[in-house]
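A short write-up of the structure that comes next.
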Amino acid sequence: MGEYMERVKSALANLEDDDLASLLREALEAGEEAADLLAAMSEAMVEVGERFEAGEYYLADLVLAGEVMKDGVAVLEPHLSAGDKGAKGTVVICTVKGDIHDIGKNLVGTMLSSAGFQVVDLGVDVPADKVVEAVKANSARAVGLSVLLTTMVGSVGEVVDSLKEAGLRDGVKVAVGGACVTDEVVERYGADAMGRDAVEAVRIFSGWME
Ligand code: B1M
């Protein structure tokens, strides 16, 4: 990991809010790629989670980490390009019922928009019937679900089942992503694909909707 990446990772992992935004600007000016800086920030968030699990950080620290990360993403966003311009279609995205983590979901939304998709973002803690309503109202052909809490992976199954009940499942693809998602989750709850990061999410939807 390069010098800037190390510094960015440690600024975020140590919750140094004042430093991160200016450090990111400096790194961009020095020619670092926004996507690499984002990857360093994501690694820092994993470290924050580990420190929280270890009892070294408290909930207030998690909240602060979320805010620092958002400030950092705001600096990087204008420089992030998803590629695959021209792929079009409507994607409904949200964080599933019971889960309020939204940083990854927002990044996925930003990257999809910049790749030319229409994005309908329903926010966080979204019940399955709201997803179905939005799919119908927007004639969407794909859904992106974010889930970070292991206890909430069942919400993915609720969305898949509700789409089936509404007779929409055949025409609508479902992708999932987020810290706790595995291939097993995809299989168990009947989703179609898993995106490990926002770039992969764009690749998946582009493959489905060209
Ligand atoms: Co919480 N949290 N949190 N948290 N939090 C995790 C997820 C946790 C892993 C931390 C830990 O203990 N190690 C843990 C979950 C454990 C588990 O279930 N396995 C946890 C916990 C336990 C909790 C609470 C229960 C804590 C409590 O109250 N006691 C609570 C739950 C609240 C709720 O949701 N009901 C809680 C609350 C919070 C905050 C509100 C304080 C804050 C969120 C702020 C916000 O989002 N606005 C927070 C934070 C910041 C985290 C960590 C530290 C960081 C998450 C993050 O933003 N990462 C997180 C640790 C971790 O993830 N390892 C943790 C950066 C972001 C860019 O990555 O979201 O993974 P991510 O998104 C990536 C990819 O995953 C992918 O692309 C994104 C960009 O590359 N992706 C998709 C994401 N969604 C996608 C959708 C797609 C495709 C790709 O669709 C196709």
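Take the conditions away from the ligand (no atom under 14 Å from the Cβ), over 21 Å from the mean Cα position of the chain (by Cα) and open to solvent by 60 Å² or more (accessible area, probe 1.4 Å) and apply them to Glu26. Does it pass? Yes: the conditions hold for Glu26.
A quick yes/no check of all residues on (1) assigned to a helix (DSSP H, G or I); (2) not aromatic (Phe, Trp, Tyr):
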{"position": "Gly49", "(1), (2)": "yes, yes"}
{"position": "Phe52", "(1), (2)": "yes, no"}
{"position": "Lys70", "(1), (2)": "yes, yes"}
{"position": "Val92", "(1), (2)": "no, yes"}
{"position": "Thr95", "(1), (2)": "no, yes"}
{"position": "Ile100", "(1), (2)": "no, yes"}
{"position": "Gly109", "(1), (2)": "yes, yes"}
{"position": "Asp129", "(1), (2)": "yes, yes"}
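When Gly144, Gly178, Gly207 are checked against the criterion of being within 29 Å of Leu80 (Cα to Cα), small (Gly, Ala, Ser), open to solvent by less than 60 Å² (accessible area, probe 1.4 Å) and in contact with a Ser or Thr (Cβ under 7 Å, 6 or more places away or on another chain), Gly178 stands alone in meeting it.
Can you tell me which residue is nearest to the ligand (Cβ to nearest atom) among those in region 39-63 that are among the acidic types (Asp, Glu) and open to solvent by 60 Å² or more (accessible area, probe 1.4 Å)? Spell out the reasoning first.
At the first step, the residues of region 39-63 found to be among the acidic types (Asp, Glu) are 43, 47, 50, 53, 56, 61.
Next cut, open to solvent by 60 Å² or more (accessible area, probe 1.4 Å) only: 43, 50, 53, 56.
Details: Glu43: 9, Glu50: 6, Glu53: 4, Glu56: 11 Å.
Per the criteria, the residue is Glu53.
When Val181, Val174, Val143 are screened for being out of contact with any Leu (no Cβ under 6 Å at 6 or more places or on another chain), of a type in the set (A, V, I, L, M), closer than 20 Å to Leu38 by Cβ and not in a helix (DSSP H, G or I), only Val181 passes.
Residues of region 105-118 include at least one that is in the same structural domain as Val172 (by TED's automatic domain parsing), in contact (Cβ under 8 Å) with a residue 60 or more places away in the chain and open to solvent by 20 Å² or more (accessible area, probe 1.4 Å). Does Gly66 satisfy the condition of being assigned to a helix (DSSP H, G or I), closer than 17 Å to Glu43 by Cβ, near the ligand (Cβ under 8 Å from one of its atoms) and modelled with pLDDT under 95? Against the criterion (assigned to a helix (DSSP H, G or I), closer than 17 Å to Glu43 by Cβ, near the ligand (Cβ under 8 Å from one of its atoms) and modelled with pLDDT under 95), Gly66 qualifies.
Just to be sure before I move on: is Val156 within 13 Å of the ligand (Cβ to nearest atom), touching a Leu at 6+ places or on another chain (Cβ under 6 Å) and open to solvent by less than 10 Å² (accessible area, probe 1.4 Å) in the structure I sent?
yes
As for region 69-76, it holds no residue that is within 10 Å of the ligand (Cβ to nearest atom), under 16 Å from Lys173 (Cα atoms) and surrounded by 20 or more Cβ atoms within 10 Å (Cβ to Cβ).
Taking the numbered list (1) at pLDDT below 95; (2) assigned to a helix (DSSP H, G or I) in turn, Leu163 passes all entries but (1).
The values are calculated or read from the model by the stated rules, or taken from the named source; none is laboratory data. Keep in mind it's a predicted model, so treat the numbers as computed, not measured. Reconstructed Cβ throughout: ideal geometry from the backbone, glycine too, with neighbour counts over all protein chains shown. Surface areas here come from the heavy atoms of the whole protein model, side chains and all, with no ligands, DNA or RNA. Shrake-Rupley method; radii C 1.70, N 1.55, O 1.52, S 1.80 Å.
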